[in-house]
Every structure is written in structure tokens, then in C-alpha cells.
1. For segment 53-67, which residues satisfy the criterion of being open to solvent by 30 Å² or more (accessible area, probe 1.4 Å) and among the polar types (S, T, N, Q)?
2. For segment 268-305, name all the residues that are polar (S, T, N, Q) and under 17 Å from residue 257 (Cα atoms).
3. Does residue 34 satisfy the condition of being among the hydrophobic types (A, V, I, L, M, F, W, C) and within 23 Å of the chain's Cα centre (by Cα)?
4. If residue 119 satisfies every condition in (1) open to solvent by 20 Å² or more (accessible area, probe 1.4 Å); (2) among the β-branched types (Val, Ile, Thr); (3) under 24 Å from residue 234 (Cα atoms) but one, which is the exception?
5. Could you check segment 40-54 and list, in sequence order, the residues that are of a type outside the set (A, V, I, L, M, F, W, C) and outside any loop (DSSP other than H, G, I, E, B)?
6. Determine if segment 135-145 includes at least one residue that is touching a Gly at 6+ places or on another chain (Cβ under 6 Å), among the basic types (Lys, Arg) and touching a residue at least 24 places away in the same chain (Cβ under 8 Å).
7. What pairs come up if the first residue lies in segment 261-279 and is closer than 18 Å to residue 297 by Cβ and open to solvent by 40 Å² or more (accessible area, probe 1.4 Å), the second is of a type in the set (A, V, I, L, M) and part of a loop (DSSP other than H, G, I, E, B), and their beta carbons are under 7 Å apart, counting only those six or more places apart or on different chains?
8. Across segment 189-218, which residue is surrounded by the most Cβ atoms within 10 Å (Cβ to Cβ) among those that are among the polar types (S, T, N, Q) and under 30 Å from residue 293 (Cα atoms)?
Amino acid sequence: MSDERLPSWRPGPARDAVLEFLGRVRDVPVEDRVAYLDNDGTMWCERPSYVQLDFFVDELRRRSSGDASLAARPEFDVVLRADPVAMGDIGLERVAAALAGLFDGLTPGEFAAAVDGFVERYRHPVLGAALGGIVYRPMLELLDELRASNFTTGIVTGGGTEFVRRISPRLFGVDAELVVGTLIGYEFGRDEADRPALRRTVSLMGRANEGTAKVENIQSQLGRRPIVAAGNSAGDREMLEWACAGAHPGLAILVDHDDAEREFAYESQAVTVENAEQITAVADRLGWVTVSMRRDWSTVFATPA
């Protein structure tokens with residue numbers, strides 16, 4: 001295989017397995033060529049905090065600077081103090097609901113503008129990079145290879161769907177309608193001129209999009225099973241298993257964060273899913289392709305836009 005393919009992947013078993021799979025996929029009908037890649041920790045850096053949490057915190061800080069009563073709320077106080085123990089004591093669901101309430105009542109366009117403003121302001125607290133600079137270049141190359149093989153490529157996230165939909169086309173080249181995540185509810189109404197209006201609520205449509213919910217939501221929203229899936233935590237396990245359990249041979253890719261020098265070294269954990277077995281051990285047992293950042297990637301991050 002030419003080194004022009006997957007240029008940021010070092011020669012080795014992981015790169016070979018991906019290219020070998022793509023060489024075999026010619027026998028699979030195009031309509032069955034579907035790939036879904038997890039977002040946090042698979043497409044971009046998730047440490048020291050999730051980007052979408054940074055989005056909520058950014059909004060909270062901006063608003064609380066002009067309204068001291070916000071900072072006094074227990075749910076917001078623990079967030080602003082970055083106190084994970086106190087967050088756990090209050091309850092993550094309660095904290096998450098309070099943060100979601102910051103955008104309650106916004107129209108889709110107003111929420112999109114808020115995301116755009118955050119993207120312009122964002123700098124990674126450790127790496128100092130803009131949002132485009134914390135995206136993994138090897139995973140962008142994987143998406144390019146999948147598209148060259150006529151795959152429908154989608155992004156799956158445990159975070160809010162609308163947030164990732166807003167950034168996915170520009171960062172990943174994935175259309176907004178192919179993003180599957182945790183769904184927020186909307187309420188139909190009318191404005192003062194009696195025109196139809198749609199506004200965000202704080203209610204969730206279904207469960208948080210981790211674990212089995214990822215499989216269920218990809219099926220319900222896309223209606224097609226992926227034969228390629230990539231993830232990095234126990235929250236992706238069922239999706240990776242599902243990709244390998246269909247009529248066509250599948251490819252499951254697990255990104256292992258083992259590069260403390262260029263990124264971070266840690267064992268990926270799911271937020272809402274129990275992790276009874278280390279996910280790298282699951283990958284070894286089930287024969288998935290485990291990608292070591294340290295060993296398999298010559299370059300980790302994309303060049304900032």
C-alpha cells in the first residue's frame with residue numbers, strides 16, 4: 001500500500017488492518033458502507049475537560065459576570081469552582097440540567113450563534129490551540145479514506161446533538177444530519193407577529209447517548225447499521241460490537257490514549273456507563289483494532305485553521 005494513504009499513521013498492524021479492510025470493502029454494496037465515529041476522545045481531545053462542558057462553562061462565566069445571583073446557585077458554584085467532588089454530591093444530572101437551562105428558550109438560530117461565538121473564543125487550556133487544532137489529524141485522514149471508498153460517514157456523541165451538528169461540517173466534513181447525539185427537546189409556538197417559532201427546552205428526548213443508546217439512536221435516526229465504528233471508551237462498546245455483528249465483515253477501532261508527551265495518557269471512562277472491564281481488554285478479547293496514539297500516529301493534531 002502507498003504511504004500516501006493515511007500519512008499520519010505509522011506503518012504497523014493498526015494501519016495495515018485499516019487499509020486491508022478498505023481493500024476488501026469493494027465487495028460490500030455501497031448502501032451498506034456506513035461508518036460512525038465517536039466524537040470526544042476519538043475525533044478530538046477530551047482532556048482536561050469535554051469541549052461541550054467548556055461551552056457551558058464559558059456561557060456561565062459570561063452571564064455570571066453581570067449577574068452575581070447565577071454564581072450563587074449551588075449547581076453553578078461547583079462548576080465555576082471546578083469542584084468534581086461537590087458536583088458528585090449535588091448530582092451530575094442536576095448540574096447538567098442547570099447548565100442546559102442556560103440556553104432554555106433559545107431558537108435554533110440563536111443557539112447556533114452561541115456555538116459560533118464560543119468556537120471563536122475557544123483556546124484549549126493546556127495546549128493553547130483553537131478548536132480546529134485539537135482535532136486528531138489521523139482520524140480526519142481515516143474519514144477521507146472512508147469517503148474515497150464511498151462510505152456514508154457520521155459522528156456519534158454522548159453530548160448534545162445540536163452543538164456537534166453546528167461544528168461537524170467545518171471540522172470533520174460530516175453533514176449535520178449525520179450527527180447522532182443526546183437530543184434536547186423543542187417546543188413549537190408563535191412569536192409576537194403570530195409566526196411559527198421553535199425554541200429549546202431543558203427536556204431530553206430519550207436517554208443520554210452512551211452505551212446501548214448509541215446503537216439505538218443510530219438505527220432510529222439513520223436506519224442503517226455501520227460496518228465501521230471507532231471509539232475510545234466503554235460508552236462506545238456496544239456500537240463497536242454492533243459494527244462487527246452484521247452480515248458484512250466489520251471494523252471496530254479503539255483509540256488508546258497512551259501519549260502523555262503529545263496529548264494525555266489515561267484510561268478512557270464513560271460518563272453514564274459502568275466500566276466493569278477495561279475497554280482495551282475488551283478490544284483485545286474481541287479482536288478490535290487498537291490504535292496507540294504513541295505508537296501508531298506520527299502526528300496527533302490537525303493544523304489549526
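The values are calculated or read from the model by the stated rules, or taken from the named source; none is laboratory data. Remember, predicted model here, so these are calculated numbers, not experimental data. Ideal geometry is used to build each Cβ from the backbone, glycine not excepted, and the neighbour counts take in all protein chains shown. SASA here: full protein model, heavy atoms, side chains in, ligands and nucleic acids out. Shrake-Rupley method; radii C 1.70, N 1.55, O 1.52, S 1.80 Å.
1. Hit for segment 53-67 is 65, nothing else.
2. Correct list: 268, 269, 275, 278, 280, 290, 292, 298, 299.
3. Criteria met by residue 34.
4. (3) is the only condition that residue 119 fails.
5. Those that are of a type outside the set (A, V, I, L, M, F, W, C) and outside any loop (DSSP other than H, G, I, E, B): 40, 52, 54.
6. no
7. 262/300
8. Per the stated criteria, the residue is 209.
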